[in-house]
Amino acid sequence: MPDYAEKIPNNVDLAGDRRLQRALESWQPNFLSWWDSMGPALPTQDVYLRTAIDVRGEGWAHFGHVPMRDYRWGIFLAERDPDRRVAFGAHKGEPAWQKVPGEYRAELQRLIVIQGDTEPASVEQQRNLGATAPSLYDLRNLFQVNVEEGRHLWAMVYLLHAYFGREGREEAEELLHRNSGSEDSPRILGAFNEETPDWLSFYMFTYFTDRDGKYQLGTLKESAFDPLSRTCEFMLKEEAHHMMVGTTGVDRVVERTAQVMIEHDTDDVTAHGAIPLPVIQKYLNFHYSVSLDLFGGETSTNVANYYTAGLKGRWLEERRKDDHLLADDSMMVEALVEGQIGQNEVSALTGLNTDLRREYIADCAGGVKRWNRILEEAGLPQRLYLPHVAFNRKVGAFAPIEASPSGEQLSADEWAERKRQWLPTDTDKTYVRSLMQPVHQRGKIAAWVAPPRNGINGQPFDYEYVHLS
Ligand SMILES: [Fe+2]
Ligand SMILES: [Fe+2]
């Protein structure tokens, strides 16, 4: 169990490496000043937070009220399996690496920096949401996600400091200097420079964009570089809560809208302060399509090389029933074929981004199914859906074209004409924002969202999850 008296709680024997400890201790004040200026803006006394204290099974986390600034951001790696071997690629069957091989140093550092960059970015995007939280329960969940994304930054910074020398330390500083939406030094990936201006966006973000994170972490968990694998394994455990916030958040918005539709026998719920289903669909369309962009192009020789080198595997690599080399395999990927939406056959190695994206899409469909069950149980005929993979894409094969959510290819003029049916308009956003009035009283909730079925850690909904200052 990590020692909580230490400045930086950890299970990596930081005390045994004075140099590393000092490097992290000198990064820590920079992290805190970043947190003060870019972290949650709403002043609070304390928040009922989960803090990781162990990496094993039950009891890995502790719950209690803590001032957020005193949150014990620590470094936790899943337990080491001394017999772990590389599961795929050219090094398959060799013992997992405890050090960074010189030949892969630059690539591994790049992968860690890209992952690390997303963690503080989402905290920045969500910085102002506290001011409009629909309940103390939601406010607490927002802050829980924020402190854990902060811890995920720590996780990546630990790897940079411990394994990548001076360059790693420089990259760790840069992770605090880039900022979401900044003109001069934006975050690396597009979706992490978008605003999260309201709580419907927050729920969609935690459902769709945190879920992208889950899949990226899943590929890094397979890495031959064992410390990266172990770090990601533990991060995935925390990540599950972030997606629960998204899944149940959208559940509760849909549930409330359905209630109002039934009660007033109308589709136009705006008069009653709920969010119309078509607006929910538009937000879904936006967040899903920008999250698909995070998977990169349908084909990638870089990713093929990462795989062969053992740096980054597939989702649930060890459950795949093939040779884990893929040198002789092929697959079909989405492509423009003579300017039309179609598919191309490519080598399985270059199609790995598509393979991961398909796993992600199948997972996303689960949420839509669940939200549609809420509509069905309410007796409503309307249904939500995932838009076509070519819809609203800025990255990959379909970036040059426009397509409707049903996958119908459109001219630029048709798109300009019709996109307001599918993506949130200024009117939609203004309406949603108009609903975002803070409800910071214990046990109360905003009118546009249903209360949760369950509280946190067995506490009731009306628990004092946050003490505001
Ligand atoms: Fe994260
Ligand atoms: Fe997350």
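Based on the Cβ-Cβ distance from Glu103 to Asp184, what FRET efficiency comes out when R0 is 25 Å, to the nearest 0.05?
0.15
Mind giving me the nanometre distance, one decimal, between the label points for Arg442 and Glu174, set 7 Å out from Cα along Cα→Cβ?
Result: 4.8 nm between the two label points.
Any idea of the accessible area per residue across the chain, 1.4 Å probe, to the nearest Å²?
Counting only protein heavy atoms, the per-residue value for the chain is 42 Å².
From the convex hull of the Cα coordinates of segment 369-469, what is the mean projected area in square nanometres?
Averaged projected area of segment 369-469's Cα convex hull equals 10.5 nm².
Taking the mean number of other Cβ atoms within 10 Å as a proxy for protection, how do you rank 337-348, 355-366 from highest to lowest?
Final packing ranking: 355-366, 337-348.
Take the Cα pairs of the chain, get the Kirkwood Rh, then feed it into Stokes-Einstein at 37 °C and 0.692 mPa s and tell me D in µm²/s.
141 µm²/s
Could you give the radius of gyration (one decimal) and Dmax (whole number) of the Cα atoms in segment 1-90, in Å?
16.2, 53
Hey, any idea what % of the chain's accessible area is carbon plus sulfur with a 1.4 Å probe?
The computed percentage sits at 47.
In Å, what Rg and Dmax follow from the Cα atoms of segment 406-455?
So, for segment 406-455, Rg and Dmax equal 17.7, 51 Å respectively.
In nm, to one decimal, how far is the modelled label at Asp83 from the one at Thr270, with both set 7 Å along Cα→Cβ?
6.4 nm
Which net charge results when you count Lys and Arg as +1 and Asp and Glu as -1 among the other residues whose beta-carbon is under 12 Å from that of Val389?
So the surrounding residues net to 0.
With only alpha-carbon atoms counted, please give the Rg and Dmax of segment 74-195, in Å.
Final numbers for Rg and Dmax: 17.3, 52 Å.
The values are calculated or read from the model by the stated rules, or taken from the named source; none is laboratory data. Everything numeric in this text was worked out from a predicted model, so none of it was measured. We place every Cβ from the backbone using ideal geometry, glycine too, and count neighbours over all the protein chains shown. Heavy atoms of the whole protein, side chains included, go into the accessibility calculation; ligands, DNA and RNA do not. Shrake-Rupley method; radii C 1.70, N 1.55, O 1.52, S 1.80 Å.
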